[in-house]
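The values are calculated or read from the model by the stated rules, or taken from the named source; none is laboratory data. Just so we're clear, the structure is a prediction, and the values are computed from it rather than from any experiment. Here the Cβ positions follow ideal geometry from the backbone for every residue, glycine too, while neighbour counts run over all protein chains shown.
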Amino acid sequence: MHSLHLSLGSNIEPEQNLRRAVALLRERSEVLALSRVWQSHAVGSPGPDFLNLCAWVRTPLTAAAFKAQVIQPIEAALGRQRSADRFAPRPIDIDPILEDGQPWGEVTRQAFVIVPLAELAPDLHYPPDAPYSLAELAARLRAETWIVARPEVEIG
């Protein structure tokens, strides 16, 4: 079994699409925990604000297989259409960020990823050679970037 941490974001009907994405994740994996929902400005685009969260799931699939067999079908079911503008508004974006506690894919230091992830893995060093924990990095990013918790948004 593999432990995956996923970053989920939406800025088109975000509350509805995050709920639907989590429900579909629950059908296809064991969802161990969800972070709170966080609101942040769109990065790289003047689009509407995003709602983001992290999910911690357990699955027999590797991150690459999970992306191909679970994430991409969920994104397609929720209307995700990829375009040349990688920052375009979207109904859902799901990315694996940790596989078995190790960074998977491009290591990002964006607040919309780190702040929710730090709720689920506060003591983790990301990347592994970082001299600070995720909790410390998240605190620094929250001081530098506009990002707010949205506890009233119930995802399930």
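Before moving on, here are some points about what is shown:
Conditions tested, residue by residue: (1) of a type in the set (Phe, Trp, Tyr); (2) in contact with a Ser or Thr (Cβ under 6 Å, 6 or more places away or on another chain).
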site	(1), (2)
Ser7	no, no
Ile12	no, no
Leu18	no, yes
Ala42	no, no
Phe50	yes, yes
Cys54	no, yes
Thr62	no, no
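- Residue in region 126-135 that is in contact with a strand residue (DSSP E or B) (Cβ under 6 Å, 6 or more places away or on another chain) and under 22 Å from Glu27 (Cα atoms) present: no
- Among (1) in contact with a helix residue (DSSP H, G or I) (Cβ under 9 Å, 6 or more places away or on another chain); (2) at pLDDT below 95, the one test that Ala149 misses: (2)
- Residue match in region 17-27 (condition: more than 16 Å from Ile147 (Cβ to Cβ) and assigned to a strand (DSSP E or B)): no
- Residues of region 90-104 that are of a type in the set (A, V, I, L, M, F, W, C) and outside any loop (DSSP other than H, G, I, E, B): Ile94, Ile97, Leu98.
- Hey, Gln39 farther than 22 Å from Arg150 by Cβ and surrounded by fewer than 20 Cβ atoms within 10 Å (Cβ to Cβ) or not: no
- Candidate set: region 115-144, residues that are in contact (Cβ under 8 Å) with a residue 24 or more places away in the chain, closer than 17 Å to Cys54 by Cα and of a type in the set (D, E, K, R); chosen: the one surrounded by the fewest Cβ atoms within 10 Å (Cβ to Cβ): Arg142
- Residue-level check: of (1) under 15 Å from Glu154 (Cβ atoms); (2) β-branched (Val, Ile, Thr); (3) more than 13 Å from the chain's Cα centre (by Cα), Val43 misses just (1).
- Some residue of region 84-100 being exposed (fewer than 15 other Cβ atoms within 10 Å of the Cβ) and either under 14 Å from the mean Cα position of the chain (by Cα) or at pLDDT 95 or above (or both): yes
- Residue-level analysis places Ser45 outside the set of residues that are under 22 Å from Trp104 (Cα atoms) and not in a helix (DSSP H, G or I).
- Only listed residue being assigned to a loop (DSSP other than H, G, I, E, B) and in contact (Cβ under 8 Å) with a residue 40 or more places away in the chain, chosen from Arg58, Arg36, Arg109, Arg82: Arg36
- Any hit, region 74-85, residues being in contact with a Cys (Cβ under 9 Å, 6 or more places away or on another chain) and either closer than 25 Å to Val148 by Cβ or of a type in the set (Phe, Trp, Tyr) (or both): no
- Single residue of Ala76, Ala130, Ala143, Ala135 found to be under 20 Å from Ser3 (Cβ atoms), of a type in the set (Gly, Ala, Ser) and outside any loop (DSSP other than H, G, I, E, B): Ala135
- Single condition Arg142 does not satisfy, out of (1) over 23 Å from Ala64 (Cα atoms); (2) in contact with a His (Cβ under 7 Å, 6 or more places away or on another chain): (2)
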